[in-house]
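Reviewing the structure listed below.
The values are calculated or read from the model by the stated rules, or taken from the named source; none is laboratory data. All of these numbers come straight from a predicted model, not from anything done at the bench. For neighbour counting, all protein chains shown are included, and Cβ atoms are generated from backbone atoms with ideal geometry for every residue, glycine included.
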Amino acid sequence: MKKYGKFAALIVVVLGALIWLASAGINETKTYYKTISEVDQMGDRAYDERLRVAGDVESGSIQHTSGRVEFMLVQDKLRLKVAYSGSEPLPDTFRDGAQALADGKMGRDGVFHASKIQAKCASKYEAKPGQLRRAPAPINKTT
Amino acid sequence: MENVGSLALLLAFCVAVYAVVASVAGRLKRKAFLIVSGERAVYSVWVLMTVASGVLVYGLITGDFRFSYVAQHSNQSMPLLYKFAAWWGGQEGSLLFWSWLLSTYSAVVVFSNRRKHRDMMPYVVGVLGVVQTFFLILNNFVVSPFKMLAVDKLITAVPDGNGLNPLLQYPAMAIHPPMLYLGYVGFAVPFAFAIASLITRQPGEAWIHTTRRWTLVTWLFQSCGIMLGAAWAYHVLGWGGYWGWDPVENASLLPWLSGTAFLHSVMMQEKKGMMKVWNMVLVSATFFLCIFGTSLTRTGLVSSVHAFAQGPLGKYFVTFMAIGIAATVYLILDRLPYLRSESELESVISRESSFLFNNLILLASCFAVLWGTLFPVISEAVSGEKISLDTVWFNKLMIPIGLFLLLLTGVGPLFAWRRTSVDSLRRNFQIPGIAAVVLVGGLLVAGVRSFYALISFGFCLFVALTVLMEFYRGAHAIAVKNQMNLLRATIELTHRNTRRYGGYLVHMGIVLMFIGFTGAAFNQSDVKEMKTGDTLNLGHYQLKMVDLQENENGNYSWHRATVQVWRGGELLSTLEPEKRFYKASRQGTSEVGVRPRLNEDVYLNFGGMSDDGQRAVIQAYVFPLVSWIWIGGLVLIGGTLVCLVPSKIKMQYARTEVLGITRKYAEVPK
């Protein structure tokens with residue numbers, strides 16, 4: 001059974017190293033998904049953790065200042081001011097009314113400092129105004 | 001039209017159910033005609049699925065905007081190729097495509113095995129039929145591709161559709177989903193054979209021999225799909241990366257990892273009769289990971305940049321996987337005695353052991369990726385907080401795993417079965433080992449300080465040399481014996497044992513890809529707002545903007561910068577990064593300008609217009625060695641194709657076997 005001992009030892013070493021790497025990494029890179037209301041409830045913890053906050057970009061709130069973009073993120077009447085000063089240009093989909101995901105840290109000044117912004121179009125399917133009084137909606141014919 | 005499509009789908013569902021029932025009942029009651037009718041039902045399902053798909057594709061191409069699916073994923077100004085590609089560009093269509101592929105595979109399996117494996121085939125048809133039925137339930141009752149647009153129950157067409165997602169309007173992307181799907185769906189076949197052989201307690205390794213080619217081809221499609229996805233990300237997404245550990249990317253990697261493990265461990269079963277349970281587990285795991293991958297991309301379980309619509313699909317997939325996994329686990333446990341191993345591990349430094357560790361590492365990485373991908377879901381279930389892990393975490397874990405695997409690629413195939421002598425270790429590894437140490441020393445002197453890059457380059461050289469020496473030794477022996485030149489001898493050598501030398505080629509491809517991955521340690525980048533005449537220095541390049549234009553066509557409007565790339569007063573090339581804005585879907589995309597070279601790529605992305613609308617935001621990158629990833633990918637594909645060619649030796653061997661039998665029979669009358 002000695003040779004199986006060797007195998008077992010090697011396997012334990014390999015798996016142990018991986019588990020150690022994985023668990024050490026989790027604490028360094030974890031990011032919390034939070035809604036705006038949850039951020040408000042987090043209290044002081046909000047300032048320590050990396051957060052990812054989702055919401056809609058309030059229409060007309062996007063302001064470009066030198067090297068910095070500020071806008072309001074809205075979710076159910078709750079608003080959060082976000083400042084983005086990352087080096088990458090904002091995504092093409094980022095504009096008024098888009099759903100955005102801000103990745104960064106909450107500042108003591110009440111402004112969310114984002115290091116990354118992701119955005120997607122609010123709704124893909126909208127009939128252009130004036131073409132039809134009511135937009136055709138899908139109906140399911142077979143079921 | 002739409003009624004024909006819906007009806008075909010509905011009929012296909014009924015016929016698929018019939019195929020399952022008839023095959024299994026026919027097998028149990030030993031009624032040959034029932035079994036045959038089950039097999040014919042498989043063909044009928046294919047015909048019906050083809051009709052349904054044809055209706056949808058016809059609608060897409062002719063622009064029948066009464067179809068909700070057509071209105072969402074096609075428009076009039078799109079090129080024909082993308083109108084066709086819209087078949088798999090959206091939720092409903094891509095699931096229809098999945099179903100259609102499965103029906104095609106099933107028909108091919110039934111046809112090619114019409115005189116073989118009579119004992120097993122009814123269950124193969126049964127398993128495939130169950131999977132087909134599941135997808136047809138989705139096609140028919142959950143996400144029907146034949147929903148119509150209507151105002152007050154009156155079917156109405158919209159004037160024009162939204163068009164295919166512009167990010168998908170790119171040639172590599174048009175064929176990337178079919179490639180991945182061919183890979184995903186293909187694993188249903190080895191799985192079906194494995195289960196059928198378990199149910200019928202087949203003696204020997206018939207299911208492995210029969211499905212070896214299937215598995216390889218499927219694996220090849222998956223590899224191609226992943227590579228195309230990486231190439232697409234690199235050329236279209238404009239952030240300069242090829243892999244971001246996005247949930248959907250991970251979903252494609254998971255079955256690839258376990259499939260790779262499976263391809264290796266079946267050799268243990270074929271040659272030594274070991275790891276039988278393990279292979280069953282692996283093939284089932286791979287199949288369910290394929291289903292899991294499909295569900296991940298289709299249900300929005302984990303939020304992703306690929307951002308597919310959330311839908312009611314999740315619970316169907318979860319139910320199907322839960323039942324399927326439970327049934328598979330029960331079956332394997334029930335048949336454990338039949339899967340007993342025929343030999344034992346003997347030494348830590350042996351081929352068996354290298355396979356064991358290869359599997360351990362591949363599975364560990366597979367589990368790590370799965371864990372990281374599902375971490376938001378897991379953490380929410382455990383602590384109530386949704387926590388995501390990002391690229392940093394994945395890289396931290398996967399780089400060491402990848403390097404260890406890279407090392408195994410080199411040493412594993414050269415270990416002897418059972419145990420390896422010190423002498424053979426020295427013969428095989430002395431030269432590559434010394435060369436690798438010298439290379440690392442040289443790089444250190446040259447100023448490379450990245451730890452992982454040093455290790456990676458060292459391993460790459462080590463593995464490449466061991467593989468080349470293997471080729472050289474074999475080819476040299478043949479060349480001397482048959483008086484051939486070395487090149488012909490190499491081809492002869494490869495042809496004699498295509499599996500072995502094709503495998504070496506695949507390993508070589510992996511080495512080349514790692515060279516490319518390692519280049520990422522030396523990336524350089526800069527961003528600048530530029531107007532015509534401005535310059536930007538990056539590395540030893542000078543970038544000069546010479547023109548900035550805007551214009552539009554029917555499909556999209558665009559801004560385009562013309563940038564000259566200079567080095568040391570010499571004009572190297574002119575790149576034209578472009579930003580497009582698609583009108584129908586109101587989405588923007590980037591067309592990057594790349595100057596690809598073997599040593600490094602110059603990569604320019606048009607980030608957008610500055611706020612005053614006068615200058616262009618240009619993101620400039622230098623990516624060393626990236627080209628080697630694509631070259632490695634091609635070598636990998638080539639190597640896999642070599643593996644698929646039948647070995648010359650084996651054919652001769654088969655012939656002598658037949659001769660022997662004839663002689664034996666010839667002797668009998670005496």
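Before moving on, here are some points about what is shown:
- Of the residues in region A:51-58, at least one is in contact (Cβ under 8 Å) with a residue 12 or more places away in the chain, at the interface with chain B (Cβ under 9 Å from one of its Cβ atoms), out of contact with any helix residue (DSSP H, G or I) (no Cβ under 8 Å at 6 or more places or on another chain) and surrounded by 15 or more Cβ atoms within 10 Å (Cβ to Cβ).
- For region B:138-153, the condition of being among the aliphatic types (A, V, I, L, M) and within 18 Å of B:Pro190 (Cα to Cα) holds for none of the residues.
- One residue stands out in region B:114-137 among those that are at pLDDT 90 or above and not hydrophobic (A, V, I, L, M, F, W, C): the one that is farthest from B:Leu313 (Cα to Cα), namely B:Pro122.
Here's the yes/no breakdown for (1) within 21 Å of the chain's Cα centre (by Cα); (2) farther than 19 Å from B:Tyr105 by Cβ; (3) buried (at least 24 other Cβ atoms within 10 Å of the Cβ):
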{"site": "B:Gly186", "(1), (2), (3)": "yes, no, yes"}
{"site": "B:Pro190", "(1), (2), (3)": "yes, no, yes"}
{"site": "B:Ala196", "(1), (2), (3)": "no, no, yes"}
{"site": "B:His209", "(1), (2), (3)": "no, no, no"}
{"site": "B:Ile226", "(1), (2), (3)": "yes, yes, no"}
{"site": "B:Val236", "(1), (2), (3)": "yes, yes, no"}
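- Meeting the requirement of 2 or more residues that are within 14 Å of chain A (Cβ to nearest Cβ) and of a type outside the set (A, V, I, L, M), the strands (runs of 3 or more DSSP E) wholly within region B:491-610 are B:524-530, B:556-567, B:578-582, B:587-591, B:600-609.
- Test: A:Ser115 is under 30 Å from B:Gly608 (Cα atoms), free of Cβ contacts under 8 Å to residues at least 60 places away in the same chain, touching a Phe, Trp or Tyr at 6+ places or on another chain (Cβ under 6 Å) and hydroxyl-bearing (Ser, Thr, Tyr): no
- Criterion: in contact with a strand residue (DSSP E or B) (Cβ under 7 Å, 6 or more places away or on another chain) and either in contact (Cβ under 8 Å) with a residue 60 or more places away in the chain or within 9 Å of another protein chain (Cβ to nearest Cβ) (or both) - qualifying residue of A:Gly107, A:Gly97: A:Gly107
- Residues located in region A:2-49, provided they are within 11 Å of chain B (Cβ to nearest Cβ) and not in a helix (DSSP H, G or I): A:Lys30, A:Thr31, A:Tyr32, A:Tyr33, A:Lys34, A:Thr35, A:Met42, A:Glu49
- The combined condition, being within 26 Å of B:Phe357 (Cβ to Cβ), more than 7 Å from chain A (Cβ to nearest Cβ) and among the hydrophobic types (A, V, I, L, M, F, W, C), is fulfilled by B:Ala416.
- Among the residues of region A:29-88, those that are touching an Asp or Glu at 6+ places or on another chain (Cβ under 6 Å), of a type outside the set (Val, Ile, Thr) and within 30 Å of B:Leu374 (Cβ to Cβ) comprise A:Tyr32, A:Arg52.
- Hits in region B:108-122 (condition: surrounded by 22 or more Cβ atoms within 10 Å (Cβ to Cβ) and part of a helix (DSSP H, G or I)): B:Val109, B:Val110, B:Met121, B:Pro122
- Unmet criterion (only one of (1) loosely packed, with under 15 Cβ neighbours inside 10 Å; (2) in contact with a helix residue (DSSP H, G or I) (Cβ under 7 Å, 6 or more places away or on another chain)) for B:Ser573: (2)
- Hey, B:Thr498 touching a helix residue (DSSP H, G or I) at 6+ places or on another chain (Cβ under 6 Å) and crowded, with 20+ Cβ neighbours inside 10 Å or not: yes
- Qualifying residue in region B:107-125 (condition: within 24 Å of B:Met321 (Cβ to Cβ), free of Cβ contacts under 8 Å to residues at least 60 places away in the same chain, β-branched (Val, Ile, Thr) and more than 14 Å from chain A (Cβ to nearest Cβ)): no
- Tally, over region B:384-413, of residues that are more than 10 Å from chain A (Cβ to nearest Cβ) and at pLDDT 80 or above: 11
- Filtered residues of region B:622-652 (kept if of a type outside the set (A, V, I, L, M, F, W, C) and modelled with pLDDT of 90 or more): B:Pro624, B:Ser627, B:Gly632, B:Gly633, B:Gly638, B:Gly639, B:Thr640
- Within the set B:Ser353, B:Ser365, the sole residue that is facing chain A (nearest Cβ under 9 Å), in a helix (DSSP H, G or I) and touching a helix residue (DSSP H, G or I) at 6+ places or on another chain (Cβ under 6 Å) turns out to be B:Ser365.
- Hits in region B:611-636 (condition: outside any strand (DSSP E or B), in contact (Cβ under 8 Å) with a residue 12 or more places away in the chain and small (Gly, Ala, Ser)): B:Ser627, B:Gly632, B:Gly633
- Residue selected from region B:370-392 under the condition touching a residue at least 60 places away in the same chain (Cβ under 8 Å) and in contact with a Ser or Thr (Cβ under 6 Å, 6 or more places away or on another chain), by the criterion nearest to B:Met513 (Cα to Cα): B:Asp390
- Just one of the listed residues (B:Thr535, B:Thr574) is touching a Ser or Thr at 6+ places or on another chain (Cβ under 9 Å) and more than 30 Å from B:Leu408 (Cα to Cα), namely B:Thr574.
- Every residue from region B:605-630 that is in contact with a Phe, Trp or Tyr (Cβ under 6 Å, 6 or more places away or on another chain) and surrounded by fewer than 23 Cβ atoms within 10 Å (Cβ to Cβ): B:Pro624
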